[in-house]
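Data first, discussion second: the structure below is written as structure tokens.
The values are calculated or read from the model by the stated rules, or taken from the named source; none is laboratory data. What you are looking at is a predicted structure, and each value in this text was computed from that prediction instead of being measured. A quick note on method: Cβ atoms are made from the backbone with ideal geometry, for glycine too, and the neighbour counts reach across all protein chains shown. Side chains included, ligands, DNA and RNA excluded: accessible areas come from the protein's heavy atoms. Shrake-Rupley method; radii C 1.70, N 1.55, O 1.52, S 1.80 Å.
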Amino acid sequence: MNPKRPDSPHFRPFAASVLALALCLGAAALSPAQAAPATVAKPMDLGLADWKLQPFSDFASHGVLWRRAPGLLAWRLSSARAFGSLAAAPNGAKLLFDLNLSVLVEGQARPRFLSSTASVENWPLWSSEMAQDKDLRAKAVTLYSAQDVAVAVVTIENTGGLPLKVNPSLNLSRDGMGLAGGVQVSGHHPALWLTLDRGQALGRSLVEYAGVWMAASDLRVDMDGQVLKLRQTRALDGRGLHLSMGWNRARLLKPGQSLRLPILLAWGGDEAAVQKAAETQWLAWALPQGKALSRAHKRWTAMLAPLPRLAQHERLLHRAVLDLYLDEYGQQEALSADEFSAQKGLRDAFFSVDTPLAALGWSELDMGRAQSAVLDLSSFSARASAAVPPYSGDEKLSWDAAGLPLNALAAWELYHRDPQPQRAAQFLSVFGQRLRNECAWWPPNRDGDGNGLYAFSGEEEEPTYMQALDSSDFSKPVALESWSLSLSSLVAWQMQVAAALAQASGNKQESDHLLAVSKHSQEAIHDQAWDLTQSAYVQGLDGFWPLFLGLDHDDARAKDEIEGWFLKAVAQNQDPWLENGSWEPWRVYFAARTIAEYGYFKESKDISDSFIDKMEKMDEFPSKINADGTYQGGDSAATAAAIIEFLLEREQQEVFLTASTGEFSARFIQFHSLDASFYMRRMQLPQKNDQYAPITIETPKHGKILDEKAFIFSCPESLTLQIQSSVGLDISHAASPKHLIFKDAHQVELLVPARQRILVCFVSEQKQK
């Protein structure tokens, strides 16, 4: 084994510059004791996450740090590259190594700080800690300076009255289970390079390279009790990793004097890229004092910039944003775009629920990247010559798209929310090609009997809320349901979207076919899913899907489902979103959205307020919560996204015009009839994400809109609206209804000044020529 290492000629110019720097600074900087650079972040952002419970990541890094205790700089570095069939489960192959820092005082046998309990402050993108061990005090700041690069600065101060000779030691360890590779010390720079091959644990190739750098002019590496010579490669095969990185001679630390020690970790699957990143980051961020920390704060401030200032729950909003940020994946060989893991570092899987829900939340931060994530994981079948299953396969990590195909729903939402119409149109066009190909797969593969109702083929396809809490829960039938209402509804709805996109592309034959397939499923849902004895849809909260997606045009059914079952249960202090003894926050969000669509705005707001209050009291944002409030697992991207959506009141963004619709006020984007005969849409959305300004809908006689065949709308802010109607419309200022702005119009776009009341009257059935 003779891997290329940084003692090659490629590294010599860099080595010369580092040597010059080392001669100026010494192996590590000695100075009078100074206070650590003050962080300028708001105290409100302190403790948004607990890095002992949540993976610490940044810059869409492929690796995560976990805080351990006790000790100083005690972290565990794990990789998020263990993709494939084993990625959804914890696996020892993800561990790269554990590390900590100790200090040996000359003449004393016990290393300092190994068993110290450090006081830790966890900030959004960095962690600071302080520990005292007799007459030595240590302060450390750890953060990510770039993707797959973590830097730390440790300041060691002599607080006693006598001079001490100290020798810091960075300790690395890992068990030998499934580990192969090697270790080498560079001859041209105080750096340690590791080849970590964990392929034995996965049954396939998984090699990563790690560089560990510490300020030193006379580096000493001890491995398994033996000094590792320069340019000598030592094998790790089955023996584990047990080494310490220190100096050949101790340095004198006088009373009141401090020693500043920069440390850098870089890792990844591309050896050359790791080496390049390590070089750049060491000179740019590891050595200059305060730069990396200042830059981390600026990035966090920029991260929050697209979001509004909230009078209440702003800290909760910041926590949810941080969760999304930490769950983001960057580009790598296994993924071709930005993605979101359910719980990065803990459960590295991309489920059909978590990915699209996370994209909805991310759209409030960066619309372009949210669209990129949905495109990449929406349907890889678009890359095949024929329709193939809508999942990624082992190389891109299987996901349960067959469980709930929510990517089409997320794409449709992103299209309507995008403040840049050209980008939105291009995104939907690209997505449409994938969706149309995926739609060709569903009928023959999940509706084998052709009855229009779609079923799961196995338990691995089921969404998590349909799965029992554990194997001892016998309340769930052993056999899968013969068909799923949620799956059937979502497939029927996405067939309609695909039909509209096919029509827009000029393929009327395909559009007609997709509409026919969708209509067949709608009829089957109406015939088979409605329980006449209960006047509600079957399969619990899944009964909301036909309503939410606008598949059921029967006002009476909607009222029975919402008032007779759902709101009745809520009024009796029951939780209708409980499934198998637990509930998932994203389903509460869609429940609130559904009832808001049908005009139950107060009830929707009550659900939102109750949900936010529950989330404020939780230490984490888990994907599933038990009825008694307990939960397992770490933070979930889908839950974080649901919190963001609730805080921005996105549950109001779509309202249906039905026979029951009267006066209301809501922050909607779309207001439309279920049969598409009337459509009103807010255009030119603001670039900065905020709660949409409320639009107030009134009627001239304070009755129902369709009874009066008229309504009046106004908004405290100016807005641009697009209105389409199969029925002719007369539009005027409410104060002067005889002076028409538009007469018998079917399609208009108008700019409405702030607080102007506009009257819309349905006047004819004749289409405008």
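I want to make sure I understand the PRE zone here: with the label point 7 angstrom from the Cα of Q509 toward its beta carbon, which residues in the range 428-453 have backbone N atoms less than 17 Å away?
437, 440
Which order do the peptides 216-226, 117-127, 315-325 come out in when sorted by mean C-beta neighbours inside 10 angstrom, highest first?
Details: 216-226: 15.6, 117-127: 18.9, 315-325: 22.9.
Packing proxy ranking, top to bottom: 315-325, 117-127, 216-226.
Looking only at the chain, where both bridge partners belong to it, what percent of the DSSP beta bridges are antiparallel (to the nearest 5)? Walk me through the numbers before you get to the answer.
Values: 135 of 140 bridges.
If I count the DSSP bridges inside the chain, around 95 percent turn out antiparallel.
To the nearest 20 Debye, how big is the dipole of the chain about its Cα centre, given +1 on the beta carbon of each Lys and Arg and -1 on that of each Asp and Glu?
On the way: 73 positive and 89 negative charges, 772 e Å.
The calculation lands at about 3700 debye.
Using only Cα atoms, find the angle between the long axis of helix 271-281 and the longest principal axis of the chain, and express it within 0 to 90 degrees, rounded to the nearest 10.
Compared with the principal axis, the helix lies near 80 degrees.
What nm value, rounded to one decimal, do you get for the distance between L252 and Y679 when each label is placed 7 Å out toward the C-beta?
My value for the distance between the label points is 8.2 nm.
Rounded to the nearest 0.05, what FRET efficiency do D175 and D366 have when you use their Cβ-Cβ distance and R0 = 45 Å? Don't skip to the answer; put the middle values down first.
Working: r = 39 Å, r/R0 = 0.88.
FRET efficiency, D175 to D366: 0.70.
Quick check: residue separation of Q422 and K704 times 0.36 nm, minus the Cα distance between them. What number comes out in nm?
On the way: separation 282, 0.36 × 282 = 101.52 nm, distance 3.67 nm.
Contour length minus Cα-Cα distance gives 97.8 nm.
Let me know the charge dipole size of the range 203-353 about its Cα centre in debye, to the nearest 20, where only the beta-carbon of Lys, Arg (+1) and Asp, Glu (-1) is charged.
On the way: 20 positive and 16 negative charges, 184 e Å.
With Lys and Arg at +1 and Asp and Glu at -1, about 880 debye.
Using 7 Å Cα-to-Cβ label points, what is the R239/A272 separation (nm, one decimal)?
A separation of 3.1 nm, rounded to one decimal place.
I want to verify the translational diffusion coefficient of the range 160-228 in µm²/s; compute it with Stokes-Einstein, Rh as the Kirkwood radius over Cα pairs, at 4 °C and 1.567 mPa s.
On the way: Rh = 14.3 Å.
For the chosen part, D equals 91 µm²/s.
Could you work out how far helix 421-439 tilts from the main Cα principal axis of the chain, as a 0 to 90 degree angle to the nearest 10?
With rounding to tens, the tilt is 80 degrees.
Can you compute the equivalent ellipsoid semi-axes for the range 509-617, i.e. the square root of 5 times each eigenvalue of the Cα gyration tensor, sorted largest first and rounded to whole Å? Could you put the intermediate results ahead of the total?
Working: eigenvalues 151, 49, 35 Å².
Taking √(5λ) for each Cα gyration eigenvalue gives 27, 16, 13 Å.
Taking Cα atoms of the range 667-769, Rg/Rh with Kirkwood Rh, to two decimals? The partial results should precede the final answer.
Working: Rg = 13.3 Å, Rh = 14.1 Å.
Using only Cα positions, Rg/Rh for the range 667-769 is 0.95.
Which peptide among 493-504, 514-525 comes first, and what is the full order, when sorted by highest mean count of other Cβ atoms within 10 Å? Before the final figure, lay out each step's value.
Working: 493-504: 21.7, 514-525: 19.1.
Ranking the peptides 493-504, 514-525 by packing returns 493-504, 514-525.
Where only protein heavy atoms count, and the probe is 1.4 Å, what is the accessible area per residue for the range 184-332 in Å²?
Values: 5750 Å² over 149 residues.
Accessible area per residue: 39 Å².
If the only charges are +1 at each Lys and Arg Cβ and -1 at each Asp and Glu Cβ, what is the size of the charge dipole of the range 94-246 around the Cα centre, to the nearest 20 debye? Walk me through the intermediate numbers first.
Working: 15 positive and 15 negative charges, 50 e Å.
Charge dipole, the range 94-246, about its Cα centre: 240 debye, nearest 20.
Of the options H526, M367, L549, report the single residue whose Cα projects farthest towards the positive end of the charge dipole of the chain (beta-carbon charges: Lys, Arg +1; Asp, Glu -1).
Sorting the options by dipole projection puts first M367.
Which of the trypsin sites (Lys or Arg not before Pro) across the range 113-145 are loop residues per DSSP, with 15 or fewer other Cβ within 10 Å?
Working: sites: K134, R137, K139; in loops: K134.
Loop-located and lightly packed - K134.
Enumerate by residue number the trypsin sites (Lys or Arg not before Pro) in the range 580-678 meeting two conditions: DSSP loop (anything except H, G, I, E, B), and at most 12 other Cβ atoms within 10 Å of the site's Cβ.
Values: sites: R587, R593, K602, K605, K614, K617, K624, R650, R667; in loops: K617, K624, R667.
Sites meeting the loop and neighbour criteria: K617.
So what is the diffusion coefficient of the range 596-679 in µm² per second by Stokes-Einstein at 25 °C and 0.890 mPa s, using a Kirkwood Rh over Cα pairs? If you can, show how the numbers build up before the last one.
Details: Rh = 14.6 Å.
Translational diffusion coefficient: 168 µm²/s.
Please sort by residue number the GluC sites (Glu not before Pro) in the range 287-333 whose DSSP state is loop and whose Cβ has at most 12 other Cβ atoms within 10 Å. Spell out each step's value before the answer.
Details: sites: E314, E328, E333; in loops: E333.
The qualifying sites are E333.
Would you kindly calculate the mean projected area, averaged across all directions, of the convex hull enclosing the Cα atoms of the chain, in square nanometres? Don't jump to the answer; show the numbers that get you there.
On the way: hull surface 148.7 nm².
Averaged projected hull area, Cα only: 37.2 nm².
Using the alpha-carbon atoms, what tilt in degrees (0 to 90, nearest 10) does helix 314-326 show relative to the longest principal axis of the chain?
Helix 314-326 sits at roughly 70 degrees to that axis.
Taking 0.36 nm per residue of separation and subtracting the Cα-Cα distance, what length does fully extending H733 through L532 add? The partial results should precede the final answer.
Details: separation 201, 0.36 × 201 = 72.36 nm, distance 4.63 nm.
Full extension of this stretch gives 67.7 nm more.
Once fully extended, how much extra length lies between R68 and D690, figured as 0.36 nm per residue of separation less the alpha-carbon to alpha-carbon distance?
220.1 nm
Please give me the summed charge of the neighbours of S372: other residues whose Cβ is under 10 Å from its Cβ, Lys and Arg +1, Asp and Glu -1. Mind showing how you got there, number by number?
Details: positive: R369; negative: D338, E339, D366, D376.
After counting each charged neighbour, the total is -3.
Tell me, what is the FRET efficiency for S217 and T280 to the nearest 0.05, using R0 = 25 angstrom and their Cβ-Cβ distance as r? Could the numbers behind the result be given before it?
Numbers: r = 21 Å, r/R0 = 0.85.
Efficiency for this residue pair is about 0.70.
Modelling each spin label as a point 7 Å along the Cα-to-Cβ direction, I'd like the A305/K165 distance in nm, to one decimal.
5.2
To the nearest 0.05, what FRET efficiency results for A659 and K602 with a Förster distance of 22 Å applied to their C-beta separation?
Efficiency, rounded to the nearest 0.05: 0.65.
If I take the Cα coordinates of the range 632-698 and project them onto the principal axes, what are the three extents in Å, biggest first?
For the range 632-698, the Cα spread along each principal axis is 45, 28, 20 Å.
What is the spread of the Cα atoms of the range 715-769 along each of their three principal axes, largest first, in whole Å?
33, 22, 13
So what's the range 238-309 giving for Cα Rg divided by 2.2 N^0.38 Å, two decimals? Mind showing how you got there, number by number?
Values: Rg = 18.1 Å, N = 72, 2.2 N^0.38 = 11.2 Å.
Normalised Rg, Cα atoms only: 1.62.
Starting from the Cα gyration tensor of the range 619-730, multiply each eigenvalue by 5, take the square root, and state the resulting semi-axes largest first in whole Å.
Values: eigenvalues 249, 57, 31 Å².
For the range 619-730, the semi-axes come out at 35, 17, 13 Å.
Roughly how large, in nm² to one decimal, is the mean projection of the convex hull of the alpha-carbon atoms in the range 109-228?
Working: hull surface 40.1 nm².
Directional mean of the projected Cα hull area for the range 109-228 stands at 10.0 nm².
Select from Y329, P356, Y144 the residue farthest towards the positive end of the dipole of the chain; place +1 on Cβ of Lys and Arg, -1 on Cβ of Asp and Glu, and compute about the Cα centre.
Y144
Ignoring everything except DSSP H segments at least 4 long, calculate the 222 nm mean residue ellipticity for the chain; use -39,500 (n - 2.57) per segment, divide by total residues, nearest 500.
Values: 19 runs with 210 residues, N = 769.
Calculated at 222 nm, the ellipticity per residue is -8500 deg cm²/dmol.
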